[in-house]
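The values are calculated or read from the model by the stated rules, or taken from the named source; none is laboratory data. Just so we're clear, the structure is a prediction, and the values are computed from it rather than from any experiment. Methodologically, a virtual Cβ is constructed for each residue, glycine included, from the backbone with ideal geometry; neighbour enumeration extends over all protein chains shown.
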């Protein structure tokens, strides 16, 4: 009789322990935030969100991963190697469609939207001594167009193509991240760099305070030729050292994304905390001041995640 009681007790203890194990595992939510290079805008915003999510989501462990930005970010999301990412709208659209020319062999069908972020401005900085003032002056000059097949590089190809130009019209094309491009320009090994980023990006601030720099204009009609998600935009005077006038350029919206396998509960909290802490993001980088709840669904190139949709219904953005 005693032995039977002992056996039953042991079984009950074992079952109870097994029942507790999944709960403990579920309490640990890992959120890997995919950003960009450390000298860009994605990275400081990702760092700010990591802090917000780490403190605001119970049991969450967060990590910020520096990447080559948009293209790498959405590929990693598709593979389930990140829970949150920032990416350019045109890149996201091409990835969702599986555009082979842009480097996507198959549609990235697991991508899901969280919110529209802030616009990326196409910013071309040239050394003053190069004489480059407008995008058409770049013919016969050397330029870095961003890492190969990155969102920035896709922007560069699209813009040159709209003007009937290609990399063949340059004396040299470099495929380098922002910071490396700036170092080459400081050493007079490069005439210009095209960078798709929020206004006041650290790399171009560094360049403009180190050497005489011209912010290069792109005519508004290029946006008309390219169509959505490109729009005409202006880089305000004083954005960079020595920039005394407004400069015409293009802009493309950025988006906060996740993937279909992240739980509804987690994405709900990520979305809510994002909008509850916009001041934290703006403190991390001025570009985040353009993020608004009212514009959260504008131009979303992929389906919303159910967790994000739940939040927008809660606040009345979706009826």
Practice prompt. Please go through region 79-98 and pick out each residue that is assigned to a loop (DSSP other than H, G, I, E, B) and either touching a strand residue (DSSP E or B) at 6+ places or on another chain (Cβ under 8 Å) or under 18 Å from residue 68 (Cβ atoms) (or both).
Written response: 79, 80, 81, 82, 83
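Residue-by-condition table, conditions (1) in the same structural domain as residue 108 (by TED's automatic domain parsing); (2) closer than 27 Å to residue 159 by Cα; (3) surrounded by fewer than 22 Cβ atoms within 10 Å (Cβ to Cβ):
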| residue | (1), (2), (3) |
| --- | --- |
| 258 | yes, no, no |
| 264 | yes, no, yes |
| 268 | yes, no, yes |
| 277 | yes, no, yes |
| 283 | yes, no, yes |
| 286 | yes, yes, yes |
| 291 | yes, yes, yes |
| 297 | yes, yes, yes |
| 300 | yes, yes, yes |
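Quick check, is residue 184 in contact with a helix residue (DSSP H, G or I) (Cβ under 8 Å, 6 or more places away or on another chain), assigned by TED's automatic domain parsing to the domain that holds residue 150 and at pLDDT 95 or above?
no
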Discussion item. Against the conditions (1) more than 19 Å from the chain's Cα centre (by Cα); (2) under 14 Å from residue 132 (Cβ atoms), where does residue 183 fall short? Just the number, please.
Written reply: (2)
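Each row is one residue, and each column tells you yes or no for (1) within 20 Å of residue 95 (Cβ to Cβ); (2) touching a strand residue (DSSP E or B) at 6+ places or on another chain (Cβ under 9 Å).
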| site | (1), (2) |
| --- | --- |
| 273 | no, no |
| 276 | no, no |
| 295 | no, yes |
| 298 | yes, yes |
| 301 | yes, yes |
| 305 | yes, yes |
| 317 | no, no |
Worksheet item: Out of all the residues in region 119-129, is one or more over 17 Å from residue 255 (Cα atoms), surrounded by fewer than 19 Cβ atoms within 10 Å (Cβ to Cβ) and outside the structural domain of residue 267 (by TED's automatic domain parsing)?
Response: yes
Worksheet item: Inside region 91-114, can you point out the residues that are at pLDDT 95 or above and more than 18 Å from residue 230 (Cα to Cα)?
Response: 98, 106, 107, 108, 109, 110, 111, 112, 113, 114
